[in-house]
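Asker: For reference, the structure I am asking about is given below.
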Amino acid sequence: MSFTVAIDGPAASGKGTISRAIAQHFGFAHLDTGLLYRAVGKKALALGDGPEIAVQIARELTAEDLNSDDLRTAEVAVAASKVASIPEVRSALVDFQKTFAKQQGGAILDGRDIGTVICPNAEVKLFVIANAKVRARRRYKELSEKGEKITELQVLNDIQARDARDAGRDTAPMVAAPDALVLDTSEMSIAQAIAAALAAIEGKLSLTANGLD
Ligand code: CDP
């Protein structure tokens with residue numbers, strides 16, 4: 001059986017935490033698609049930032065590139081969002097994501113365009129949001145725990161600039177699919193956010209299992 005869950009939303013909204021918990025609960029495979037763009041962005045930082053170079057990097061990306069240690073830094077996040085606005089970079093990464101989504105046993109993908117472009121027929125679509133200050137606080141905590149020297153204000157500024165670029169680009173902009181359930185986690189604990197996402201998926205899984213959908 002293939003069953004696809006698409007989770008989109010802005011930076012540090014809780015998509016990753018929710019996706020990992022859902023994958024573990026249902027035994028689904030999980031792909032954090034942000035890592036694809038982060039891996040391209042990181043290599044582009046090293047090799048130069050012309051769009052042709054970024055496209056070449058995306059076409060030659062390997063699984064090993066996704067395991068690189070330092071993909072989650074603030075600097076790489078900015079670079080990721082810049083290369084992600086290049087249409088040929090995005091198209092070089094589409095087939096891999098679509099194949100991942102259709103695998104047997106269920107898959108969950110999180111990113112910006114999963115419910116709209118990569119998996120428009122996903123069985124469940126969530127769009128996870130939270131207000132920018134809450135997101136900046138969460139991301140600041142993560143980054144500073146890893147030893148990154150950055151202020152909360154810098155994180156807030158980075159997140160807002162990245163959201164504007166991601167939502168404003170022409171190709172695959174970040175937007176909730178019309179049939180996505182919008183989950184605002186601003187006032188939720190991690191456990192509450194996970195419970196809300198699980199409930200949405202359980203409902204859909206039982207309909208699918210009973211042949212009602
Ligand atoms: O973890 P966080 O939400 O901060 O970012 P991420 O999911 O790792 O994504 C990093 C950047 O990659 C985003 O700011 C987007 O520009 C880009 N991205 C994208 O364009 N499409 C996706 N499906 C996933 C990420």
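Asker: Looking only at region 95-116, filter to residues that are of a type in the set (D, E, K, R) and in contact (Cβ under 8 Å) with a residue 12 or more places away in the chain; which one of those is farthest from the ligand (Cβ to nearest atom)?
Answerer: K102
Asker: Select from region 177-212 the residues that are farther than 27 Å from L93 by Cβ, open to solvent by 70 Å² or more (accessible area, probe 1.4 Å) and touching a residue at least 40 places away in the same chain (Cβ under 8 Å) and list them in ascending order.
Answerer: Across region 177-212, the qualifying residues are D184, I190.
Asker: Which of (1) open to solvent by less than 20 Å² (accessible area, probe 1.4 Å); (2) farther than 19 Å from V155 by Cβ is the odd one out, the single condition G41 does not satisfy?
Answerer: (2)
Asker: Scan region 138-156 and tell me whether some residue there is within 27 Å of R59 (Cβ to Cβ), within 19 Å of the chain's Cα centre (by Cα) and either part of a helix (DSSP H, G or I) or among the β-branched types (V, I, T) (or both).
Answerer: Start the filter on region 138-156 by keeping residues that are within 27 Å of R59 (Cβ to Cβ), which leaves none.
The answer is no; no qualifying residue exists.
Asker: Go through the residues of region 155-176 one by one and say whether even a single one is among the polar types (S, T, N, Q), under 30 Å from E202 (Cα atoms), more than 10 Å from the ligand (Cβ to nearest atom) and free of Cβ contacts under 8 Å to residues at least 60 places away in the same chain.
Answerer: no
Asker: So K204 ticks every box in (1) away from the ligand (no atom under 16 Å from the Cβ); (2) farther than 18 Å from A21 by Cα but one. Which box is left unticked?
Answerer: All conditions pass for K204, except number (2).
Asker: Would you pick out the residues in region 66-85 that are within 24 Å of T171 (Cα to Cα) and either away from the ligand (no atom under 13 Å from the Cβ) or open to solvent by 30 Å² or more (accessible area, probe 1.4 Å) (or both)?
Answerer: L66, R72, E75, V78, K82, S85, listed by residue number.
Asker: Suppose we keep only residues that are small (G, A, S) and closer than 19 Å to R112 by Cβ within region 125-173. Which one would you say is surrounded by the fewest Cβ atoms within 10 Å (Cβ to Cβ)?
Answerer: Going through the qualifying residues, I end up with G168.
Asker: Do we find a residue being without any contact (Cβ under 8 Å) to a residue 12 or more places away in the chain, away from the ligand (no atom under 13 Å from the Cβ) and among the basic types (K, R) anywhere in region 129-141?
Answerer: Checking region 129-141: at least one residue is without any contact (Cβ under 8 Å) to a residue 12 or more places away in the chain, away from the ligand (no atom under 13 Å from the Cβ) and among the basic types (K, R).
The values are calculated or read from the model by the stated rules, or taken from the named source; none is laboratory data. Fair warning: this is a prediction, and the values are worked out from it, not measured in the lab. All Cβ positions, glycine included, derive from the backbone under ideal geometry; neighbour counts span all protein chains shown. What goes into the accessible areas is simple: the full protein's heavy atoms, side chains included, and nothing from ligands, DNA or RNA. Shrake-Rupley method; radii C 1.70, N 1.55, O 1.52, S 1.80 Å.
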